[in-house]
1. Quote the convex hull volume per residue of region 28-160, based on C-alpha atoms, as a whole number of Å³.
2. Carbon-plus-sulfur fraction of the accessible area of region 15-86, 1.4 Å probe, in percent?
3. How do the peptides 196-202, 26-32 rank, highest first, by the average count of neighbouring beta carbon atoms within 10 Å per residue?
4. Sequence neighbours fewer than 8 away in the same chain don't count; with that in mind, list the lysines whose C-alpha is under 22 Å from residue 44.
5. Along the charge dipole of the chain, pointing to its positive end and built from +1/-1 on Cβ of Lys, Arg, Asp and Glu, which listed residue (230, 106, 67) has its Cα farthest out?
6. For the pair residue 62 and residue 181, how long in nm is the line joining their label points, each one 7 Å along Cα→Cβ?
7. Using the 2.2 N^0.38 Å rule of thumb for compact globular proteins, work out how region 97-232 stacks up: its C-alpha Rg over that value, please.
8. Please work out the average accessible area per residue across the chain, using the 1.4 Å probe convention, and give it in Å².
Amino acid sequence: MNNSKELAIRFEKLTREIYPKTLIAVTKYSSIDEVLMAYSIGLKDFGENRVYDLKEKADAFHNEGITDVRWHFIGHLQRNKVRDLLKIPNLYAIHSIDSLKLLQELVSGQSLLNQPLKIFFQIHISGEEEKTGFPIGDGTLDEAVNFYMALKNTHPQFPFSLEGLMGMGPIRTEDFEGDTIRAFSKLFELRNSMVEQYKIPLKLSMGMSQDYKIALEFDADYLRLGSILFKN
Ligand SMILES: *Cc1c(COP(=O)(O)O)cnc(C)c1O
C-alpha cells in the first residue's frame, strides 16, 4: 500500500469499528517509508514480529526525532535476542512471553530499558501444534505469574507491568468460526479466572485481520491488524 489516502480511510473505519479498543498496526509487510507515512496520518501503535525488523523501523523513527510512537513486539521471542529488543527506543509492550525462562531473561536485562514496559503472557489457545504459548492448566503460567508478582511487590522500581494475556486464533481449520470462538472464549475465561485469583486487572491482546470481529465479542482490548490495513 503506497496510498496514504486509502490507508487513512481504512484506519479511520477500523478505529471506529473497534472503538474504544486499541488498534495495533502490524507492519511486518511494510517498508520503513510506509510506516512513517502511517505515522504521519495519525497511527501511533505499531506491531512487529521480528526483533531486527522492529529495530530497523524504531531506529528510523528515533532518527527522525519521533518520540510518541509505541512499538509492540508480537512475535516469537528467542532468549538470545532479548537484550537487543529491550534496547529499542520507544518499545512499549511485549505480547509474546511464553515461558518463565523468557521472563527471567527479560528481568535480567531490565537495566537496558529506557522506559517502563508492558508485558503480556501468550497463551496457547488454538489447538494447533506449532503455535507457541503457555499451555492452559499445567501450572507453568501460574509459576510465571507468581514470579512476576513476587518481584513487582518487592521492587518499587520494577520496570515491567503485566498488562494481560495474548492469544492467536486458529489459522488452518475446517470450522473457522467455531474454532475461533472456542479459542477466544478460552482466553476470555482464563483472563476472568486469573483476575479473580490474583486480584489484578488483565487485558486481552487478541484478534487479527481475519478474526478481529470475533475477538471483539470476547472483550479483546488490543487488536493486532496487518493485512486488512496494508495489503492491496
Ligand atoms: C502478522 C501478525 C498479526 C497480523 O496479522 P494479519 O492477519 O495480517 O492482520 C497479528 N499478530 C501476530 C502475532 C502476527 O504475527
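1. Values: hull volume 15.8 nm³, N = 133.
Normalising the Cα hull of region 28-160 by residue number yields 118 Å³.
2. Details: 1530 of 3570 Å².
Here it works out to 43 percent.
3. On the way: 196-202: 11.9, 26-32: 18.4.
Ranking the peptides 196-202, 26-32 by packing returns 26-32, 196-202.
4. Partners found: 5, 13, 21, 28, 55, 57, 87, 118, 203, 213, 231.
5. 67
6. About 4.6 nm separates the two model spin labels.
7. On the way: Rg = 15.7 Å, N = 136, 2.2 N^0.38 = 14.2 Å.
Against the compact-globule rule of thumb, the ratio is 1.10.
8. Details: 11300 Å² over 232 residues.
For the chain, the per-residue accessible area is 49 Å².
The values are calculated or read from the model by the stated rules, or taken from the named source; none is laboratory data. Computed from a predicted model, the values in this text were never measured in an experiment. Don't worry about glycine lacking a Cβ; one is built from the backbone with ideal geometry, like all the others, and counts go over all protein chains shown. Accessible surface is based on the protein model in full, side chains and every heavy atom, while ligands, DNA and RNA are left aside. Shrake-Rupley method; radii C 1.70, N 1.55, O 1.52, S 1.80 Å.
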